[in-house]
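The values are calculated or read from the model by the stated rules, or taken from the named source; none is laboratory data. A quick note: this is a predicted structure, and the numbers were derived from the prediction, not measured. Reconstructed Cβ throughout: ideal geometry from the backbone, glycine too, with neighbour counts over all protein chains shown.
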Amino acid sequence: MTEARRQEELIEVELPAAALLEDVLGYAPLTPDAVADLREGPADAVLHGRLLESVRRLNPWIDEDNARRAVSTVNRLTGIDLIETNEKGHTLLTFGIALGQTDADGRRQDRTVRFLDFDTPANNRFEYARRIRLRGPRQEIIPDILIYVNGLPLCVIECKAPGLADPIGDGIEQFGRYQGLGDYVGLGAPRLFEMAQLCIVLARGEAKYGTVCTPYRHWAEWKEPYPRSRTDLMNRLGRDPSAQDVLLAGLLAPVNLLDLVRNFIVFETEQGRRIKKLARYQQFIAVQEAVKRIEGAGDPAQRGGVIHHTQGSGKSLTMVFLATKLRRLPMAANPTLVIVTDRIELDQQIAGTFLRSGFPNPVQAKSGDHLRDLLSGGAGTTVLTTVHKFHTAVPSRTSFITQASNVFVMVDEAHRSQYRELAARMRAGLPNACMIAFTGTPIDKKDRSTLREFGDYIHRYPIDQAVRDGATVPIFYEMRDVHLRIEGRDLERELRAACPDLTDEQFEELKRKAPLAQTVAELPQRIAEVCKDLLAHYRAAIEPNGFKAQIVAVSRDAAVTYKEALDRLGGPESAVIMSASNGDTARLKAHQLTPKDRDRMIERFRDDDDPLKILVVCDMLLTGFDAPVEQVMYLDAPLREHTLLQAIARVNRTADGRQGRKTHGLVVDYWGDNKRISDALALFDSEDLAGALLSLSQKTEQMRSRHRAAMRFFDGMNRADEESCIGLLEPEDVRAAFDLAFRRYAEAVDMVLPNPAALEDPFLPDLKWLARIRAQARRRYRDDHLSVRHYGALVGDLIEKHMRADGVEQILAPLSILSPEFQAQMKALASDEARASEMEHALRHEIHVHRDENPVLYESLWSKLQRLIDLRREVRIDAASALDRLDALAGEFRAARRGERDDAGLSGTPGAIFGLIKDAVGPSPEAPATAIAAALEELAVIDWHQKEDVKRQMRRAIKTELRTAGVAPAEMEALTVRIMDVARARMVR
């Protein structure tokens, strides 16, 4: 990082964050010296002294041996990987540990040791420290800010300069290195993350948070400083709150931080992997508001209400978080929790969520009688049931199950089933229960009203907000017409001839009415035509980006016909998921699956890499089905009202594809009845469904808007003078803004493709020109953020063909100053200014790439380059003079790469090691440098850098030679780490 960027990061991000922590949230600062005094060594993340003092304070009964034993337990956490270790750490935080202690009367009993006081936050010590060095197995890390509670590092904050091309992405990648994940295995300090619960990246106007091992796409924004208002926060800060201010105030307010740690973290197992999940802001606020209403209601009947969170925004986990919070609510007095759904599939899904989250002892009711037994058996039970079981559990309106008031009923998808007899029986059976409705589409029309049944909104998180937050993707809708021509006969013409008196509107209604509409929809000839169109669309618009599809058929017969047609036409692997009946024909039975096989097929579909690409369904998987990899739903059924909107929402989950993230979901409607869409939308509150479905024209308009935003960078410039356009992008902040505008435009084009609207002038020509300028800027400025991976597959294919057609494919690969082609490339540039810029960025890149091979030498070259850059920026030397000096510096670099000997007569690996150790050893460092290099060469077998036993032998050999050469013990560890870095850079085989 340049000094200018470091200052930008410090002044605009790190210092304001520290000021907010201290002045607004009440954290006490810790100096590096204070941290050193409180921890036992440079590799320790826990402040041992502070934790020991806190354990004594929070557990006044504890003796000294047990206090030290408790602290030692925290320091000795182990697991097969970081997630398992972190889960053990989270368990210690939330539940404490049991230790046996002898009381004054000589009786020995187990007592629970608390590390945090969740009930009285003021009893804890909230502190922060900046730029603390932590030693890892091979090198140290320096997080910008650490948040300590009672000496435990609960939060790690990384600050990034806002002017960087992708500050949040850089910060998230840095967390990967800190944790030693992926390509950074062994390079971090994972001990810091054994107890850490929050990871935060700040960049002033941008801020995101995650937790341990959170993948990139699951890092999220925190949009509210709850329970503060934005106005209150503004008054405290004396300025408009930035994104980082809001995130810090919402996440790290002491009460919120403790609550998040205790009640809003779950560990789940998905596809064989353990995953840690932390609440998003809408989940946290919804639960807090629900608890506030329960605690503040004067009338028990007023405790309930509606939580409206759109599909795909995590309602099931919100229910888990609320259940967790209610279990710990003193006034609830060991409550009974009842989770109610209206589908067997949903019951299984929510039961799975509760079980995977480690929620204690949730029980699924097997029947109405079983449900009655569970609910009448006393407090403290968590019951999951479908609403239908209340029919036998409550045989009459007077046969209540329990009159207890500490019964809390959470009803999922409450808009569907809470207006009829079953719902009435549920209320009769639990007359004093608190009823809380969860819905993605609350009904507020005519004779059915979610609000009237349950009470006012507790919290709302509608579709448009979820899309703005990136919690879900927008859904686009298009209709396709299938002309009803069968074996040379035009069915529509014959129908019209048979009904000459019908108007066009009446005729369309006749086509829609069952059984005629269903009969026509099931015709194999029609389905074959739909499949031809469907497969062409899927292969052109969906498959290139690595996503999958669902087909919704009008009946089970039609579903099987679809499957047969897909196979006959050579489509990708597909499967039918449907219910079964004893009276099914042999044709239907051939596609029936056992529950176990059905679950296996669904898991295959969810797997991005599995070749199963298309699911054909009829009445299953339309609700409660979560498969982020699904991007398109081909709809060939007359779904209506909430069922239609619930089905459509299957495509709105976020996901990463082969070429990048999913930008949108798509519904392609073959049924041909646009009226049912408007009818479904009219059934619900229009505000709730703002932006639920967007048309092709809206996609095209978005493309136009983003096109203008990207081209605006070059207003007033001669586009034929590409050198000037590239020069415009030299400042990193301008390049970052341009890159964002370009990617948004490319994303919009990718959404519209393969529709011809995306190929019209000026959209495609300008896209290709922008991509060319971007690619040349990437080569010129050695900027990896301008990578082709940001294109969608469809856009990428267009651009790649354009680059090849124009003979400029080489611009995507920066040339090394060592390559013969580099000088030819330099001569081709039109001006001294362009050549100096090219040389400057080439040197910057090469020194950065090779710095680990000889840290001392390349640090010297870097200093010389930086002085030249500063002189040039200050206009103290002209372009021609700068070019001469840069060329001389390039000569030094080439000499270094050729291995020319230094003053000690050493080159290669011995020369690199000599530069590191010459100030630490006696008068003759050449001998130990040569000996260390020889020992490392002898040990460096193939893939040695992945073999812990070999690396251990190398470190031992280095230390032996350093010790023999008289290196002080205090310097030996750091030198060993740096020499190992040189070995990794020069000896990897």
Between residues in segment 2-31 that are among the β-branched types (Val, Ile, Thr) and residues that are at pLDDT 95 or above and in a strand (DSSP E or B), which pairs lie under 6 Å by C-beta distance while being six or more apart or on different chains?
-> Val13/Cys159; Val13/Leu202
Considering segment 895-923 alone, what residues qualify as being at pLDDT below 70, of a type in the set (A, V, I, L, M, F, W, C) and not in a loop (DSSP other than H, G, I, E, B)?
-> Ala895, Ala896
Do we find a residue being modelled with pLDDT of 85 or more, of a type in the set (A, V, I, L, M) and closer than 13 Å to Ala748 by Cα anywhere in segment 704-723?
-> yes
Taking the options Ala98, Ala129, name whichever one is part of a strand (DSSP E or B), among the small types (Gly, Ala, Ser) and either assigned by TED's automatic domain parsing to the domain that holds Glu206 or touching a helix residue (DSSP H, G or I) at 6+ places or on another chain (Cβ under 7 Å) (or both).
-> Ala129
The listed residue being touching a residue at least 40 places away in the same chain (Cβ under 8 Å) and in contact with an Asp or Glu (Cβ under 6 Å, 6 or more places away or on another chain), out of Thr386, Thr402, Thr381 | Thr386
Across segment 122-179, which residue is farthest from Val35 (Cα to Cα) among those that are surrounded by fewer than 18 Cβ atoms within 10 Å (Cβ to Cβ) and among the hydrophobic types (A, V, I, L, M, F, W, C)?
-> Ala122
If you take just the helices (runs of 4 or more DSSP H) that sit entirely in segment 318-410, which of them hold at least 3 residues that are modelled with pLDDT of 85 or more?
-> 368-375, 390-393
Could you tell me which residue of segment 235-258 is nearest to Ile200 (Cα to Cα), considering only residues that are surrounded by fewer than 20 Cβ atoms within 10 Å (Cβ to Cβ) and in contact with a helix residue (DSSP H, G or I) (Cβ under 9 Å, 6 or more places away or on another chain)?
-> Pro254
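Would you confirm whether or not segment 772-794 contains a residue that is modelled with pLDDT under 70, among the basic types (Lys, Arg) and surrounded by fewer than 20 Cβ atoms within 10 Å (Cβ to Cβ)?
Yes; the residues of segment 772-794 include at least one that is modelled with pLDDT under 70, among the basic types (Lys, Arg) and surrounded by fewer than 20 Cβ atoms within 10 Å (Cβ to Cβ).
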Give the residue that is nearest to the chain's Cα centre (by Cα), with candidates limited to residues of segment 619-650 that are β-branched (Val, Ile, Thr) and assigned to a helix (DSSP H, G or I).
-> Ile648
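For residues that are assigned to a loop (DSSP other than H, G, I, E, B), surrounded by fewer than 20 Cβ atoms within 10 Å (Cβ to Cβ) and touching a residue at least 12 places away in the same chain (Cβ under 8 Å), tally how many sit in segment 717-758.
Total meeting the criteria: 4.
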Exactly one condition in (1) out of contact with any strand residue (DSSP E or B) (no Cβ under 6 Å at 6 or more places or on another chain); (2) touching a residue at least 40 places away in the same chain (Cβ under 8 Å); (3) assigned to a helix (DSSP H, G or I) is not met by Ala559; state its number.
-> (1)
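Would you mind finding the one in Asn256, Asn235 that is of a type in the set (S, T, N, Q), closer than 30 Å to Thr73 by Cβ and in a helix (DSSP H, G or I)?
Values: Asn235 fails: closer than 30 Å to Thr73 by Cβ.
Going through Asn256, Asn235 in turn, just one is of a type in the set (S, T, N, Q), closer than 30 Å to Thr73 by Cβ and in a helix (DSSP H, G or I): Asn256.
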Flag for Gln174 being assigned to a helix (DSSP H, G or I), of a type in the set (S, T, N, Q) and touching a strand residue (DSSP E or B) at 6+ places or on another chain (Cβ under 8 Å) = yes
When residues of segment 49-78 are filtered for being within 25 Å of Glu973 (Cα to Cα) and more than 33 Å from the chain's Cα centre (by Cα), how many remain?
-> 2
Got at least one residue in segment 198-205 being surrounded by fewer than 19 Cβ atoms within 10 Å (Cβ to Cβ), in contact (Cβ under 8 Å) with a residue 12 or more places away in the chain and under 21 Å from Gly250 (Cα atoms)?
-> yes
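Could you pull out the residue among Ala655, Ala586 that is closer than 25 Å to Leu753 by Cα and either surrounded by fewer than 18 Cβ atoms within 10 Å (Cβ to Cβ) or at pLDDT below 90 (or both)?
Values: Ala586 fails: closer than 25 Å to Leu753 by Cα.
Ala655 is the lone residue from the list that is closer than 25 Å to Leu753 by Cα and either surrounded by fewer than 18 Cβ atoms within 10 Å (Cβ to Cβ) or at pLDDT below 90 (or both).
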Filtered residue count, segment 613-633, keeping only those that are surrounded by 22 or more Cβ atoms within 10 Å (Cβ to Cβ), among the hydrophobic types (A, V, I, L, M, F, W, C) and either more than 10 Å from Ala647 (Cα to Cα) or assigned by TED's automatic domain parsing to the domain that holds Gly314 (or both) | 6
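Just to be sure before I move on: is Arg138 over 19 Å from the mean Cα position of the chain (by Cα), charged (D, E, K, R) and assigned to a loop (DSSP other than H, G, I, E, B) in the structure I sent?
Details: over 19 Å from the mean Cα position of the chain (by Cα): yes; charged (D, E, K, R): yes; assigned to a loop (DSSP other than H, G, I, E, B): yes.
Judged against the criteria, Arg138 is a match.
Take Gly49 and decide whether it is within 23 Å of Gly188 (Cα to Cα), assigned to a helix (DSSP H, G or I) and either in contact (Cβ under 8 Å) with a residue 12 or more places away in the chain or of a type in the set (Asp, Glu) (or both). If you could, list the steps in order and put the result at the bottom.
Numbers: within 23 Å of Gly188 (Cα to Cα): no; assigned to a helix (DSSP H, G or I): yes; either in contact (Cβ under 8 Å) with a residue 12 or more places away in the chain or of a type in the set (Asp, Glu) (or both): yes.
No; evaluated as a whole, the condition is false for this residue.
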